[in-house]
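In what follows, a structure is listed as structure tokens, so that the remarks can point back to it.
The values are calculated or read from the model by the stated rules, or taken from the named source; none is laboratory data. Just so it is clear, the model here is predicted, and its values are computed rather than measured. Note that we place each Cβ from the backbone using ideal geometry, even for glycine, and neighbour counts take in every protein chain shown. In case anyone asks, the SASA skips ligands and DNA or RNA and just uses the protein heavy atoms, side chains included. Shrake-Rupley method; radii C 1.70, N 1.55, O 1.52, S 1.80 Å.
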Amino acid sequence: MTRVTRRQFGQLLGTTAAACTLGMPYLAFAATGKVVVIGGGAGGATVARYLAKDSMGAVDVTLIEPSRRYYTCYFSNLYLGGFREYESIGHSYGQLASRHGINVIHDWATGVDASAKTVALGSGEKLPYDRLVIAPGIDFKFDSVPGYSVAAQSRMPHAYRSGTQAQLLKSKILNMRQGGTFVMVPPPNPYRCPPGPYERVSMIAHQFKQKNPKAKIIIIDPKLKFAKQSLFTEGWDQHYPGMIEWRSTDFIGALKNINPETMLIETEDETFKADAACVIPAQKAGAIAMMAGVTDGDWAPIDPKNMRSKADPNIYVLGDASVASEMPKSAYSANSQAKVAANAIRAELADASAAAPRYNNICWSLISPDNAVTVGAAYEGGAEEIKAVSKFISQTGENAATRKTNYKESVQWYSAIASDMFG
Ligand SMILES: Cc1cc2nc3c(=O)[nH]c(=O)nc-3n(C[C@H](O)[C@H](O)[C@H](O)COP(=O)(O)OP(=O)(O)OC[C@H]3O[C@@H](n4cnc5c(N)ncnc54)[C@H](O)[C@@H]3O)c2cc1C
């Protein structure tokens, strides 16, 4: 594997921020057939749009998504930090229907009959398919944190799925008592957006620095190390000195109980009293992937060459729900996987062969204003795994101009992926 500089990495992918629109080469297949896509997130909306666009309407695409507006988890941390308005991270499905002729159904998929090749909807209707794409994102294993539950999420929001949890968490941050303690409990691996909890801590610290400067943040982490750790800790020491304390449960004992009424968080060795908290439980593939029978344990194994389910040749699984080997669970990854799958499905429906798959991921994290760090990789789909072929990560001690450029790229990327998904 090649380790490359930031500049070389940008050149490899096109220009870094625009790279999410760089995907598989367009191949002209005369594909026809019915494709149903479950889930209108980073994976599902992208695959639906690319299937419709690249087949020029010849493939009949139906997208099933319960929400009328998709609020991205990506950039929700920037909303918490006060760098974005909530509405700026919300997107509607209108253009997928009006510009690309996609049949968008706002409902839940409640079951998959793999032998009849139909998807059942909450309305009771059944949709037939030639190929099915399952991209439902994650569900939580609430009982992975003793005492945590669906009910507890109103007191200790996870804010780790699209929806109003991010607004709830922000109000708890802004209304926390002066000099109070905020506790963050990140999830164990594997989970969506590995640097996400730590970028979130940075954004909360940024709010506290201005509005609640004596506040403390304690991270009770079930892991021994975390993504971009040296970059985050350097940034925390520099911008929020003395505010953030990271404690691994390897040293303070496993989480024993969380009490959302008393706000006490107990490990085997210590008890912490939170004034506000964010608890993110362990994760698994969205329930519909389990119901469709494409999971093995918590996640859905796929063929690294095309994202096709290992359990059913007519089903593809994208994004966080899949086992994409070395690719992290990110919107960038899901968007990249969607383009590979769209090409593969069109080729299959046309009885042709698809181009060799190319996958990419870049992930930016904002630590303080104009100070973003980044990690990225280009991947190949081998016989057994999706493997990184070149990697890039920001370095500690970098100059302010580089960090500011990173931030600008992340803002450009956000606009690029939003239009790539929603047309
Ligand atoms: C705080 C935070 C910050 C993040 N920052 C970044 C970042 O900077 N960059 C990045 O690349 N990624 C980031 N991510 C990760 C990113 O949000 C996810 O990896 C990405 O959204 C995964 O895409 P997906 O399509 O698999 O799932 P999602 O985007 O979650 O979409 C799944 C969709 O499926 C729908 N669905 C579920 N079940 C059903 C069903 N039964 N029927 C119909 N529809 C269903 C859901 O309503 C949802 O809209 C971040 C995540 C978090 C939490």
Taking amide hydrogens as modeled 1.01 Å from N in the peptide plane, which residues meet the under 5 Å criterion relative to SER322, leaving out close sequence neighbours?
ALA300
Under the rule of at least 5 residues apart or a separate chain, name every residue whose amide H is placed under 5 Å from the amide H of TRP246.
ILE219
May I ask you to evaluate 6.51 cos²θ - 1.76 cosθ + 1.60, the Karplus curve with θ = phi - 60°, for each residue of region 258-265 and list the ³J(HN,Hα) values in order in whole Hz, giving x for glycine and proline?
10, 10, x, 7, 7, 6, 8, 10
Ignoring ligands, DNA and RNA, what percent of the accessible area of the chain is carbon or sulfur (1.4 Å)?
51
Quote the relative contact order of the chain in percent (integer), defining contacts as alpha-carbon pairs under 8 Å separated by 6+ residues.
22
For the chain, rounded, prolate or oblate, judged on the Cα gyration tensor with a ≥ b ≥ c (square roots of eigenvalues), a/c < 1.5 rounded, else prolate if a/b > b/c?
prolate
Just to verify a number: what accessible area does SER88 come out at with the full protein assembly present, 1.4 Å probe, Å² rounded to tens?
40
Nearest 10, in degrees from 0 to 90: the angle of helix 165-174 to the longest Cα principal axis of the chain is 20
For region 317-405: Kirkwood Rh in Å [reciprocal of mean 1/r, alpha carbons]
14.7
Listed here are the pairs LYS284/LYS329; LYS228/LYS256; LYS53/LYS329; which of them are more than 22 Å apart at the Cα?
LYS228/LYS256; LYS53/LYS329
Crossing angle, helix 42-54 versus the chain [Cα axis fit, 0-90 degrees, rounded to tens]:
30
Rounded, prolate or oblate: which fits region 301-352 when a ≥ b ≥ c are the square roots of the eigenvalues of the alpha-carbon gyration tensor, with rounded for a/c under 1.5 and prolate only if a/b beats b/c?
oblate
How many percent of DSSP beta bridges within the chain run antiparallel, rounded to 5?
55
The ³J(HN,Hα) series, computed from each phi in region 30-41 with the Karplus coefficients 6.51, -1.76 and 1.60 at θ = phi - 60°, rounded to the nearest Hz and given as x for glycine or proline, is 8, 8, 9, x, 10, 10, 10, 10, 9, x, x, x
Helix-derived mean residue ellipticity, 222 nm - over the chain, DSSP H n ≥ 4, -39500 (n - 2.57), to 500
-8500 deg cm²/dmol
Mean accessible surface per residue for region 18-171, computed with a 1.4 Å probe while every protein chain stays in place, in Å²:
40
In region 356-372, which residues have a backbone nitrogen under 17 Å from the label point lying 7 Å from GLN412's Cα in the Cα-to-Cβ direction?
361-365, 370-372
Under 8 Å for C-alpha pairs, at least 6 residues apart: give me the relative contact order for region 187-332, rounded to a whole percent.
21
For region 114-125, just list the computed ³J(HN,Hα) in residue order, Karplus coefficients 6.51, -1.76 and 1.60, θ = phi - 60°, integers in Hz, with x standing in for Gly and Pro.
5, 7, 7, 6, 9, 10, 8, 10, x, 5, x, 6
ILE386's amide H: which non-local residues (gap 5+, or another chain) put their own amide H closer than 5 Å, with H modeled 1.01 Å from N in plane and none for Pro or chain starts?
SER325, GLU326
